[in-house]
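The values are calculated or read from the model by the stated rules, or taken from the named source; none is laboratory data. Given the structure is predicted, the values throughout are model-derived calculations rather than measurements. In this analysis, Cβ positions are derived from the backbone assuming ideal geometry, glycine residues included, and neighbour counts consider all displayed protein chains.
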Amino acid sequence: MFATLDPTMREIRLPSGRRVILSDTVGFISDLPTMLVAAFRATLEEVLEADVILHVRDASHADTEAQCKDVEEVLRSLGIESDKDERLIEVWNKIDRLEPHARDALVNLSARRPAERRPVLVSALTGEGVDRLAAAIEARLSRSRVVLELTLDPSDGAGVSWLHRHTEVMDKRLIADNGLAMTVRIDPAKAASIQARFGGSGRRAG
């Protein structure tokens, strides 16, 4: 009853160098029985817990709009409203299959959407648009991240190494009085513990 039954997970690197896990969950179809949604709940909960949700659509399919509504209905059954959830990015795939006039129409349709709801047009086959998608994922993740300005002793190699492993290091430079200034971006839940360990002042990313 699912279009795809073999979920996969892969690590990818975003433009900043940040490593994230990309999970391809089960694919949805129309009229999905409630009992099947319950049976696959553990798999579908990956969607609920995701920092970013990519709704990948086949832009070349004749029934792409109907397929979109099917997915939105399943997401709604999980408590996710596609037009309200800020985690969601719509991805229009297979643009390589479109004739030039159809592609131009799709670009115009996308451009008329509000910036925060604008789909990303890609071709998984040719790679076109994948860089824009990676940038969109990065921007969406950064909305909820906290930026901290930290000052370390340059001899604190263990601390510098720890920050590289557990945060996104945005900048690192020597400053006056033999200090090492580091700018890091982190999950808000980790901010207090990092400030307690290294000191520093935090500000919201963006």
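What to note about this one:
- Residue in the stretch 117-133 that is touching a strand residue (DSSP E or B) at 6+ places or on another chain (Cβ under 8 Å) and under 22 Å from Val184 (Cβ atoms) present: no
- Taking the stretch 52-73 as the range and being farther than 17 Å from Ile95 by Cα and assigned to a strand (DSSP E or B) as the test, only Ile53 passes.
- When the stretch 74-85 is limited to residues that are part of a loop (DSSP other than H, G, I, E, B) and of a type outside the set (D, E, K, R), the one that is modelled with the lowest pLDDT turns out to be Leu78.
- Strands (runs of 3 or more DSSP E) (entirely within the stretch 102-206) containing at least 2 residues that are of a type outside the set (Phe, Trp, Tyr) and in contact with a Gly (Cβ under 7 Å, 6 or more places away or on another chain): 146-152
- Flag set for Arg87, criterion: surrounded by 11 or more Cβ atoms within 10 Å (Cβ to Cβ), closer than 25 Å to Ser142 by Cβ and either of a type in the set (A, V, I, L, M, F, W, C) or out of contact with any Phe, Trp or Tyr (no Cβ under 8 Å at 6 or more places or on another chain) (or both).
- Condition check for Glu138: touching a residue at least 60 places away in the same chain (Cβ under 8 Å), surrounded by 13 or more Cβ atoms within 10 Å (Cβ to Cβ) and in contact with a strand residue (DSSP E or B) (Cβ under 6 Å, 6 or more places away or on another chain): no
- Applying the condition of being surrounded by fewer than 10 Cβ atoms within 10 Å (Cβ to Cβ) and under 22 Å from Asp63 (Cβ atoms) to the stretch 101-118 and asking which residue is farthest from the chain's Cα centre (by Cα) yields His101.
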